[in-house]
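Below: one structure, written as structure tokens.
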Amino acid sequence: MVSMFPFIAWIVIILIGLVVYLIVATKIEKSGLERLGATGHLFTCNPEAKKKPKK
Amino acid sequence: MTTKSIIYLVVFVIYFGFIIITSIQSSKKVETMSDFTTGGNKMGLLLGVGTSMATWLSVASVMGVPGNIYSRGVCAVFGWVGGWFLATGLMPLVAYKIRRPEVPSRTFPEFMRTRYDPYTEKSPIQIFSAVIELVGYFVFSYIQIQGFGIVFSTLTGVPYAIACLFFMVLLIFTCMGGFESVAATDTLNACLILVGVIAAMVAVLTECGGIGAIFQNFATTTAPTTVGGEPLVAGILGTNWGTLGASVCISYFLSNCFGSTVAPHWVSRFMAPRNAKTAALQMFLVMVALIAVFVPLITIGMGGKMLMPSLPEGVTSDYMFPRLIMDHINPVLGALALTAICAAAVSTANSMLLHCSTSLIYDIKRVLKGGEASEEEDAKTTKQLRVTILSLGVIAVICAIGQFSLLADGFTYVYGAFGSMFFASIWLGLYVKRMNKEAAFASMIVGLIAYIYCMVAGSPFGLPAFIVSCGLSLVAAVVGILVGKKPPLEAYESYFSDHVSAKTIEIAHKIRKDVV
């Protein structure tokens, strides 16, 4: 029987990574500063993109 | 030369061509010294993900991870893969803070000066950090060249020294264009690594008869790692801590994790993106993308034990993957896998050489020389950076032709040393306003001495070496904070506030020697 502990630990670590990113992204969004990359969305980072007119 | 070798060589020539064309195109974009060192702090998300992913994937991961799983068991998934993933998962916390200032630093030693010693022109902390960076990354570059040379010569029959020279040509082409060129070729390399390891995984799964058979074999095998060695205890490769034991495995995990979060090349990587959120998001996406690379690498390591129960005498487990390619994978898939190893070596070594070069010229020579900033001076520095990369590349190749060592272990030692030295000065520097110059120096020196002591004489009470050295380093930092003076506002303001004083911005420009 191969131990599942290393694989489960790996999955938990990936979830920790998600939580850490969300904490950081939320902080940036709360600042509202475009200089820091606030876009109004947690998973985008280019404030210039929304300013470009749609073709 | 066999048909197999010819196929390998043809695929390689195509790869060489791609890399050289991409490098030449990217190098044309370099206009200023800032472009050369950090891509002008304007790197976009996709390029950032590509270059960070490729930097993660060195020969130590592409060859070392399957090798460690093969010889030490599934515990390597926790010790190495888990450690690296936790590091990547925590990196947004560092990336956000490093890229937060309106005028970010260009290099890691420059960050150390900005944070701890902003008013000293010839800053000892900047020079000290640059020297450590220079030595550490030279070792890294050398390990990459060596790994590539051995693999390439074994598989194609080309002499080892010639293989190293080939590698040098590739390195020079990718580095001469500076950061942008390194980032562009890295992105290409990241795609190749992904394709290569997936091709190898498919071949291994087909040969073994599926994942069930691989797990079954791994749980029962007693075959020694090398022919003639002591047989393994049945099932040990499938246990929580494998052949390493809990203490050693946890130590590797912590070294790989915390050592990586504060490794100077990562801190520098966080300065390049266009804003703080890009810096954080790129690391999160890298972590997700790396799953697609590490699942194949783990499968290759476990499947290797079934296809090749023991390695020939004198062959270390780092070379299990190349052996597998040679003996068990069809030449076309093998050539792709081989290109992945090469791409991993190139993508890591070129960033390391760039760091060596910027440490020497930007952070040591430029700082010691002093004087006023000017456009002529910046152009001269960019030229010197290119010449230094060339010279360091030649020296690294000469060194690589000489010696051998275990790849993943070598990496872990340097990461462990970086972690012990810089953990307190980076993490506390970014999250504790009171962290000062005295504390930073004390933590770096105590961390380095403690780590070397643990490596040479063994850790006290059998504790993981990293816990001992990093713990002592943190204690030294706390003593430094209590005993030393409060740092000036200009040292920490830009890492803690979104709006800073004009004086802080003026100091940041002065440290960077920006031409106004």
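Some observations on this one:
- Which numbered condition residue B:242 misses (of (1) within 12 Å of chain A (Cβ to nearest Cβ); (2) buried (at least 24 other Cβ atoms within 10 Å of the Cβ); (3) at pLDDT below 95; (4) not in a loop (DSSP other than H, G, I, E, B)): (4)
- Restricting attention to region B:307-322, the residues that are crowded, with 20+ Cβ neighbours inside 10 Å and more than 24 Å from the chain's Cα centre (by Cα) total 1.
- Any hit, region B:490-508, residues being outside any helix (DSSP H, G or I) and either closer than 17 Å to residue B:258 by Cα or in contact (Cβ under 8 Å) with a residue 24 or more places away in the chain (or both): yes
- Residue check, residue B:112 buried (at least 24 other Cβ atoms within 10 Å of the Cβ), away from chain A (no Cβ under 14 Å) and of a type in the set (A, V, I, L, M): yes
- When residues of region B:263-282 are limited to those that are within 12 Å of chain A (Cβ to nearest Cβ) and among the charged types (D, E, K, R), the one farthest from residue A:33 (Cα to Cα): B:274
- Subset of region B:283-302 (residues that are under 19 Å from the mean Cα position of the chain (by Cα), closer than 14 Å to residue B:196 by Cβ and either of a type in the set (Asp, Glu) or more than 9 Å from chain A (Cβ to nearest Cβ) (or both)): B:292, B:293, B:297
- Residues of region B:480-489 that are more than 31 Å from the chain's Cα centre (by Cα) and in a helix (DSSP H, G or I): B:482, B:483, B:489.
- Selection of region B:72-111 for residues being over 16 Å from residue B:492 (Cβ atoms), of a type outside the set (Lys, Arg) and not in a helix (DSSP H, G or I) yields B:73, B:74, B:107.
- Qualifying positions in region B:80-109 - closer than 21 Å to residue A:6 by Cα and either free of Cβ contacts under 8 Å to residues at least 60 places away in the same chain or facing chain A (nearest Cβ under 8 Å) (or both): B:81, B:82, B:85, B:86, B:88, B:89, B:90
- Within region A:5-41, the set of residues being more than 9 Å from every other protein chain (Cβ to nearest Cβ) and assigned to a loop (DSSP other than H, G, I, E, B) comprises A:32, A:40, A:41.
The values are calculated or read from the model by the stated rules, or taken from the named source; none is laboratory data. Predicted model only: the values in this text are computed from it and were never measured. We place every Cβ from the backbone using ideal geometry, glycine too, and count neighbours over all the protein chains shown.
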